[in-house]
1. Expected output is a single nm value to one decimal: the length gained when fully extending between Lys53 and Thr3, i.e. 0.36 nm times separation in residues minus the C-alpha distance. What is it?
2. Zone of His60 (label point 7 Å along Cα→Cβ, backbone N under 20 Å): which residues in the stretch 1-26?
3. List the GluC sites (Glu not before Pro) within the stretch 21-86 that fall in a DSSP loop (any state other than H, G, I, E or B) and whose Cβ has at most 16 other Cβ atoms within 10 Å.
Amino acid sequence: MITITENAAKEVQRIKTADPANAQSNLRVKVIGGGCSGMSYKIDFDPEGATEKDKIFEEHGVKVVVDAKSYLFLKGTTLDFSGGLNGKGFVFNNPNASRSCGCGSSFSV
């Protein structure tokens, strides 16, 4: 399961409201190769919708879509949003990551 916090859901809804092109899109979360630790997170709005191979999770009114391969690395992850003094952005709390870079945007298992 992928969990989305209330803070993350509010930010997703804010972004969707600000850009009408994303209004009907799901939030797609995936893992791609790259970054200083080997794998990176990617968040995007997907106007195409989910495929039959995708995992779909919904919390606080936000649908999160994850492809099957990425789900192997994201299972149990919590997606949060931080608006603190040290920076603003989405934060992945991934129990599968054995190591991550200083900025938290890449990881390894």
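1. This chain segment gains 16.1 nm when fully extended.
2. Counting backbone N atoms under 20 Å from the label point, the list is 1-19, 22-26.
3. Filter output for the stretch 21-86: Glu48, Glu52.
No lab work stands behind these numbers, since they all come straight from the coordinates. In this text, all values refer to a predicted model and were calculated from it rather than measured experimentally. Note that we place each Cβ from the backbone using ideal geometry, even for glycine, and neighbour counts take in every protein chain shown.
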